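Chemist: Have a look at the structure that comes next, please.
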Amino acid sequence: MLVGKPGSGKSTALQRLCCEEAQKALAVIENGQVDFTIPVLVELRDRRDGSVANWIQKSLRRVRLDEATIEDLLLAGRFLLLFDGLNELPTSDAWAALDEFQRDQDFCANPRIFTTRELGAGADLGIEKKLEMLPLTEPQMRQFIENRLPGQAESLLRQLKERLRELAETPLLLKILCDVVQDSPDGQLPQNRGELFRQEFVRRYEKFKPSHTLPTSGDSRRFTAELLQHLAFTMIQGDPHTDPCKPTSSWLTISKTKAEKVLEDYLTGRVETPAQNAKAWLEDLLRFKLLVVKDLDHIEFLHQLFQEYYAAEKLLALLPTLSHAELKQDYLNYLKWTEVIALMLGLLHNETQALQTVDLSLQVDLRLGARLAGRVKWRFQEQAVMLVSNQKVDENLQNELLGETRSSIAETKLLNILRDSTSSSLRSAAFALGKAGSSLAVPKLLELAKELDGGLRQTAFNALEKIGTDAAILGLLDFVTNNSDFDGSYRGICSLLAMDSDTAIPKLFKTLENSNHDTRWRIAHIISSVVPEQFSKEFLKLLYPFRENPDPGIQEVITCITNELSKKNSHLEFLITAEINYLNHTRPAMDAMFEKMRSPDCVLKLLDDFESLDWMARTGIARTLGEIGLEIAVPKLIEALEDLEPSVREAAAEALGKINSDIAVPHLLKALGDEDYRVRNATTKTLVEISSEMAIFGLLTVLRHTDYYVRLNAVSALCQIGSDLAVPGLIDLLNDLDFTDIHEKTVEALENIGNPQALLTLWQYYKNIHFWYVAKSINTIQNRCGFYNYEIAQVSVEERERKRGSFTKSSITSNDQLYDNILMTIFDSGRNIESSPKEIRSLDEESLRHILIHAVNAKYSNVAEAEAYNKGGKTDILVRINGEKILIAECKIWHGENGLAKALDQLLQRYVTWRDTKLALLIFSRNQKFSDVVQKIPQEIKQHQYFVREGNSNLKKAWFRFTVCYPDDRDRELTLTILAFDIPS
């Protein structure tokens, strides 16, 4: 997975790799060989439907291969697949097709590379090996500028100063900057990215002049800017949102027919013959390369950044007409508009509007607001940064937000913190300065690298890596060669390798020429230990120029490194060879053996012999039973979970996972706390493999178990299952300060599930406890769902529903429906408990209540609270929707008619106010004749002092409806529903 910013060269890298690999394949063919790899570049932005094989077919359309042939080549592992633009997949169907392809083991022999603009949970397809396109370093910028503008590199770099990162951190931006400077009569530099693109448009517009060879149609040139802006704006918006919580993707390509219709709609009422002009003027934009042809049917902008710039110009014109609510809900909250808004702020001359936009963005998301504060015009930045620094948050989070601005004003504040050696937020300030790429921070960061505090010094090294300037590289080289501390040298060399090994290693060797023996050997051992095995051969190539160096010290270093890397590789090759030999000799025999053992008679024989055999045999039989996979083995495997030997318990847990039986869930929950870690791990994996609703609800019931390992492994299993059903329970756990020991795993689980309902809780947690992993989870969920703030998206949903007339009925009618729907959810969940194994049925009242609450919250977005305060105490269940109380309920174990009467008294007298109208009693009957309980419930309620009348009840379902009165006002009527469940222990 190759990750990088727009314009960083991801697509160019894939195109070049595709070309190089094609040349290699041609060379193999010319030598008469047939064993070659076929490189295929698949641009994901225009893959809306079909299978991945179909996408490959389109990429190879000139070869005219049918889909069946392509599948044969995939099965043979003949392709090198280069997928460009994972973040640009236009539909959920396309995403599902790619995800399915990734999971298909039949195609795993085809190596593949993906590029993406952003990473988020689920957005990495489970790919562990990730590379990042780093910003251009200062030496790279200097060389790039010198090649395009000879003699101007130093002058241009000096003028850019703090704007260097914003205007020149990617090859595309630097190319545009050089072009603008070259064609500028006064050599005036743009102040920000928005101005850079505006000047680039002006430059291109000047070339868009009619001539004899390139004529234009009518007023085409006069409407150029408007047409590009409207088309870009429409494409960023994409399809209309049918659900604000599921925003649609932007269009990065568009069919010519659709583009003509978009422009025709815009021109209608502005010009005569809009349809004719739309067609003609679109052709002009294509002829003058302001738009480009993607294929026969589709067109696109020169680059996504140009599309975002034109959309920013359109949004700038719209801004005065937008209310604050519209700006937050329709633009600021959606990730696809973020870069557009950032570019717009760089063009906005109205200070009030600029600061209002920053203020609103801070209300949407603090980090979004901080990023946008640094994108306003320079003369507004002091006020914008002040809006960020005035946020009432923890000091460490404050530093992070200041770093997000990447403003020199914020940089000054952070540098002052670094200079204060007593500050408790040194680490966060150093981290923020590194993220901002502050070259002014280099001297102080090098001082912090000498600190004894390992966490602080590592933060300093990480910051120097991110800054990556000449000063940072030279400072680290000096630090490494003159520092006798092994840990410091180790961290410093790691940072140098991460920054730019091609540049840093030759400089490091040059520095070593005059070093003493101890220094050379220390650094040699460090280098050989930090270079990953998969890169060791490439790394050794860097040493070739130094093999002829006469300095004996340098020769010592090279020898040491070469020996160490050789050891690594030989060890790896030995392991691989041994594994292949083992599989070749033993697997066929094992397969043949299992084929004979799959009969029920054989399974029964294994079960009969189980107890009489030693632990090794029991372990083998347990594994065999799992491989065979018959249900009749489940009871014996459940017994084996209690075996005295850990290996047997581990094998039993693994086998139950392969059989995948819900019956085993309660026993597996107990095994989560096994004293042996191997058993705990196997049990966790098995519950993940089962992944049923019963497994999920069972795991939720043990989240607060007294045993740490049970809690930890329960959260771990829920994390791997990734079901939305677990979200409410995990949110509750994160809010519970008694269980901070598993909060990090809880955050990871919420990240993996990716449900945006968790965002508010995660932000509240992050504000109190500034841990990096919480920020990562927030960012991942936001990238997955496409928006920043769930509550704002929900408001958009409600407003849309109101506009559609869904709320035209009275609130009482609407709440009645919600009341009945929630009760039906509780009823269904209770029925599931009735049919569960006895271990679930035997749970106490509180645990049963939690299962019901989880069921409601899984369906209705976390609306139900446990033990919520209302009037004079804490009621068992309180459901609120849009600020209104929809249901107040008490859960009770059946203890006869008197217990029922007391439960109703408690509900009405302690927990219900005059304004509450919807109540419920949830009765769990334990080891009673249930038909008697069902008969007694209506009899007892009719005799109660607050009874008014009976409603529609259903004895077969044990569902009863009554009207009762408020204790202090008999004219105030309330609805009471009683649901009874037969749950014998």
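The values are calculated or read from the model by the stated rules, or taken from the named source; none is laboratory data. Bear in mind the structure is a predicted one, so any value in this text is a computation, not a measurement. FYI the Cβ positions are ideal-geometry reconstructions off the backbone, even for glycines, and counts take in every protein chain you see.
Chemist: Kindly check whether there is at least one residue in the range 666-673 that is outside any helix (DSSP H, G or I) and crowded, with 22+ Cβ neighbours inside 10 Å.
Modeler: yes
Chemist: Now for a different question. Mind checking which pairs have a first residue in the range 315-329 that is free of Cβ contacts under 8 Å to residues at least 60 places away in the same chain and a second that is not in a helix (DSSP H, G or I), Cβ under 8 Å, 6 or more apart or different chains?
Modeler: If the second residue must be not in a helix (DSSP H, G or I), the pairs left are L316/L348; L319/L348.
Chemist: Something else: Do you know which of the residues in the range 254-295 that are touching a residue at least 60 places away in the same chain (Cβ under 8 Å) and crowded, with 20+ Cβ neighbours inside 10 Å is nearest to F223 (Cα to Cα)?
Modeler: Among those that are touching a residue at least 60 places away in the same chain (Cβ under 8 Å) and crowded, with 20+ Cβ neighbours inside 10 Å, it is W281.
Chemist: Hey, among the residues in the range 736-785 that are closer than 20 Å to L700 by Cβ and charged (D, E, K, R), which one's modelled with the lowest pLDDT?
Modeler: D738
Chemist: Moving to a separate point now. Residues that are under 22 Å from M824 (Cα atoms) and among the small types (G, A, S): list the strands (runs of 3 or more DSSP E) wholly contained in the range 835-919 that include at least 3 such residues.
Modeler: The qualifying strands (runs of 3 or more DSSP E) are 864-870.
Chemist: Here is a further query. Can you tell me how many residues in the range 705-747 are of a type outside the set (S, T, Y) and closer than 19 Å to Y790 by Cβ?
Modeler: 14
Chemist: With the requirement that a residue be under 21 Å from S428 (Cβ atoms) and of a type in the set (V, I, T), what does the range 743-778 give you?
Modeler: Of everything in the range 743-778, those that are under 21 Å from S428 (Cβ atoms) and of a type in the set (V, I, T) turn out to be V747, I769, V774, I778.
Chemist: Is it the case that some residue within the range 327-337 is under 24 Å from I792 (Cα atoms), outside any helix (DSSP H, G or I) and not basic (K, R)?
Modeler: Yes, because at least one residue in the range 327-337 is under 24 Å from I792 (Cα atoms), outside any helix (DSSP H, G or I) and not basic (K, R).
Chemist: Here's another thing I want to ask about it. With respect to the numbered conditions (1) in the same structural domain as V180 (by TED's automatic domain parsing); (2) in contact with a Cys (Cβ under 6 Å, 6 or more places away or on another chain); (3) of a type outside the set (K, R), which one is the sole condition not fulfilled by L160?
Modeler: L160 satisfies all of (1) in the same structural domain as V180 (by TED's automatic domain parsing); (2) in contact with a Cys (Cβ under 6 Å, 6 or more places away or on another chain); (3) of a type outside the set (K, R) except (2).
Chemist: Do you know which residues across the range 1-38 are of a type in the set (D, E) and surrounded by 16 or more Cβ atoms within 10 Å (Cβ to Cβ)?
Modeler: Listed by number, the list holds a single entry, E21.
Chemist: Only residues that are under 47 Å from the mean Cα position of the chain (by Cα), farther than 15 Å from D820 by Cβ and charged (D, E, K, R): list them for the range 948-964, please.
Modeler: K956, the sole residue that qualifies.
Chemist: State whether the residues of the range 82-101 include one that is within 28 Å of L252 (Cβ to Cβ), in contact with a strand residue (DSSP E or B) (Cβ under 6 Å, 6 or more places away or on another chain) and β-branched (V, I, T).
Modeler: Checked against the condition, which is being within 28 Å of L252 (Cβ to Cβ), in contact with a strand residue (DSSP E or B) (Cβ under 6 Å, 6 or more places away or on another chain) and β-branched (V, I, T), the range 82-101 yields no hits at all.
Chemist: Here is a further query. Starting from residues that are assigned to a helix (DSSP H, G or I) and acidic (D, E), keep the ones in the range 297-316 and report whichever is nearest to the chain's Cα centre (by Cα).
Modeler: E308
Chemist: Hey, any hits in the range 930-948 for a residue that's outside any loop (DSSP other than H, G, I, E, B), under 18 Å from I826 (Cβ atoms), of a type outside the set (A, V, I, L, M, F, W, C) and assigned by TED's automatic domain parsing to the domain that holds V863?
Modeler: No.
Chemist: Just one of G722, G698 is closer than 25 Å to S835 by Cα and either over 17 Å from the mean Cα position of the chain (by Cα) or of a type in the set (S, T, Y) (or both); which is it?
Modeler: Residue meeting the stated conditions: G698.
Chemist: Looking only at the range 110-120, filter to residues that are part of a loop (DSSP other than H, G, I, E, B) and closer than 25 Å to A463 by Cα; which one of those is modelled with the lowest pLDDT?
Modeler: G120
Chemist: What do you reckon, is L319 in a helix (DSSP H, G or I), farther than 18 Å from P190 by Cβ and at pLDDT 95 or above?
Modeler: Answer is no for this residue.
Chemist: Only one residue in E138, E88, E132 is over 30 Å from V34 (Cβ atoms), in contact (Cβ under 8 Å) with a residue 40 or more places away in the chain, surrounded by 14 or more Cβ atoms within 10 Å (Cβ to Cβ) and in contact with a Gly (Cβ under 8 Å, 6 or more places away or on another chain). Which one?
Modeler: Of the residues listed, the single one that is over 30 Å from V34 (Cβ atoms), in contact (Cβ under 8 Å) with a residue 40 or more places away in the chain, surrounded by 14 or more Cβ atoms within 10 Å (Cβ to Cβ) and in contact with a Gly (Cβ under 8 Å, 6 or more places away or on another chain) is E138.
Chemist: Also: Need at least 1 residues that are touching a Gly at 6+ places or on another chain (Cβ under 8 Å) and either at positive phi or not assigned by TED's automatic domain parsing to the domain that holds A868 (or both) per element, so show me which helices (runs of 4 or more DSSP H) inside the range 699-779 make the cut, counting only ones lying wholly within it.
Modeler: Helices (runs of 4 or more DSSP H) meeting the threshold: 708-721, 743-753.
Chemist: Related question: Hey, among A868, A889, which residue is in contact with a strand residue (DSSP E or B) (Cβ under 9 Å, 6 or more places away or on another chain), surrounded by fewer than 22 Cβ atoms within 10 Å (Cβ to Cβ) and not acidic (D, E)?
Modeler: The conditions single out A868.
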